[in-house]
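Each value in this text was obtained by applying a stated rule to the coordinates, not by laboratory testing. Please read these numbers as outputs of a predicted model, since none were measured by experiment. Methodologically, a virtual Cβ is constructed for each residue, glycine included, from the backbone with ideal geometry; neighbour enumeration extends over all protein chains shown.
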Amino acid sequence: MNSQAKSLNETIQNENKAVYEMLSDLGKEIYFPKQGIISQSNEAKQQAHQFNATIGTAIEHGKPMYLDVFHEKLSPFEPKDLYPYAPPAGKAELRDVWKAKMLAENPDLKNKNLSQPIVTNALTHGISMVADLFADKDDTVILPDKNWENYGLSFDVRRGTNTITYPLYNDKNQFNSEGLREAIVSQKSKGKAIVVLNFPNNPTGYTPSEKESDDIAAVLKQCADDGMNLVVAIDDAYYGLFFEDSMKHSIFGKIASIHPRILAIRVDGATKEEYVWGFRVGFITFAAESTSLLQALEQKATGLIRATISSVAHPSQTFILDGLQNPDFKKQQKEKYNVMNARALKTKSLLDSGKYDDAWSYYPFNSGYFMCLKLKHVEAETLRMYLLEKHGIGTIALGEKDLRIAFSCIDEENLTALYDTVYTAAKQLEQG
């Protein structure tokens, strides 16, 4: 094992043995090289006052070389903020601004000790980093039964884990914290589990209330008290899109540093909440009491980025930073939130009207991009194909009876026509 990895491991083990035990074999081996091209280039940036011949970029007249065919479309930005490699952990100013935003929006994080957010290639990359750092073959990942299919690829396929699920909703149509507890307890003999929490949930669009989120934190703490090491990955892909009857901030604040055996990791980003899906800018942030521990985890995460994608695209980071610092940012974001909120409330009013009740019920939703129908008489895949082939309408079939509809994609004035057509198609199939 490399000496730098050994040093990081010793720091983690000395600061929190449970967190060291959570690391995967890869997580223990990985490190960010301090004695190599990156470190030597950084030294040269500070001291090479005559010529800097270190990094693999091209310089012309003291600035990054570029082609006019690109820069004529990007001329408001300085070449230095577009063309050179970004640091492996991301632009320092963007990391600072994102952390300040996180703290301002999440009062539960006050007085919590957090790492600097590390820039990822959006949310999927952040989730895969959690898997690489903490998941080994035959480790257990705990998910609700309504979940994003990419978790299976990131954990089970890539890392060889075993996923177990619990029902997302209890018999009161609220978050099933007891089901979560039972799933964790079932893995007590292993001593470790990876819990993924995704709110607003994909595919259902559900976010727990303040009381429900307190219950989730209490369950996790109880299981940690009983000796379980828990990696809790909080997928905040749809953060901020809270419409009604839900907590209005991230559950990360309730879980961060609540127990030495719980490592809370937030994976979030600009992708959905800032409506920049193609920019591919996300963040991964760790919470722990020990600053030395957080710095060691940052080094390992940065080493993982260096070993895979090297760094996230520099232009995207510059665009996000510029947007966040624009005085019109919050106003424009609020305008788009209002559009999404109106679509969600319109969808809810249609579903609560009673005119579709003989064809489906629906899972509770209060946030995010999606909602899920629970079909009563027809198969979801049959209805999906019928809608696509006969009506040119795209939906997502999940399991036998669940049909996911993304109201985020549909203008408010078209929602009635959409659900009326889905209903008509379901009745036609039911009647043969």
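Apply 1/(1 + (r/R0)^6) to the Cβ-Cβ distance of N111 and K73, taking R0 = 51 Å, and write down the FRET efficiency to the nearest 0.05. E between N111 and K73, to the nearest 0.05, is 0.70.
Compute the Cα gyration tensor for segment 56-150, then decide on rounded, prolate or oblate, letting a ≥ b ≥ c be the square roots of its eigenvalues: rounded whenever a/c is under 1.5, prolate when a/b is larger than b/c in the other cases, and oblate in all that remain.
Working: a/c = 2.60, a/b = 1.78, b/c = 1.46.
Prolate.
Whole-Hz Karplus values for segment 356-361 come out as 10, 5, 7, 9, 6, 10 Hz, taken residue by residue from phi with 6.51 cos²θ - 1.76 cosθ + 1.60 and θ = phi - 60°; glycine and proline positions read x. The calculated FRET efficiency for N14 paired with R158, based on their beta-carbon distance and R0 = 25 Å, is about 0.25.
Considering only the chain, what is the antiparallel percent among its DSSP beta bridges, to the nearest 5? In the chain, DSSP labels about 55 percent of beta bridges as antiparallel.
When each of the peptides 311-319, 98-106 is scored by the mean number of other C-beta atoms lying within 10 Å of its residues, the order from highest to lowest reads 311-319, 98-106.
Can you tell me the alpha carbon radius of gyration of segment 330-430 divided by the globular rule-of-thumb value 2.2 N^0.38 Å?
Working: Rg = 13.7 Å, N = 101, 2.2 N^0.38 = 12.7 Å.
That ratio works out to 1.08.
Counting other Cβ atoms within 10 Å of each Cβ, which trypsin sites (Lys or Arg not before Pro) in segment 1-81 have at most 14 and sit in a DSSP loop? Qualifying residues, ordered by number: K34, K73. Here each label is just a point 7 Å from Cα along the line to Cβ, and for N42 and M65 those points are 2.7 nm apart. In this simple spin-label model, placing a label point 7 Å from the Cα along the Cα-to-Cβ direction at both K376 and D322 gives a separation of 5.4 nm.
Every helix of 4 or more DSSP H residues in the chain counts as -39500 (n - 2.57), and over all residues that averages to -12500 deg cm²/dmol at 222 nm. Electrostatic bookkeeping for S257 treats Lys and Arg as +1 and Asp and Glu as -1; over the other residues with beta carbon under 9 Å from its beta carbon, the sum is 0. Mind jotting down the distance between the C-alpha centroids of segment 341-400 and segment 295-314, whole Å? Result: 40 Å between the Cα centres. With the simple model of a label 7 Å out from the Cα in the direction of the Cβ, D226 to V97 spans 4.5 nm. All other residues whose Cβ lies under 14 angstrom from that of R384 are scored, Lys and Arg at +1 and Asp and Glu at -1, for a net of -2. Given the choices (1) 20.2, 62; (2) 23.5, 81; (3) 34.7, 116, Rg and Dmax of the Cα atoms in Å derived from the coordinates of this structure is entry (2).
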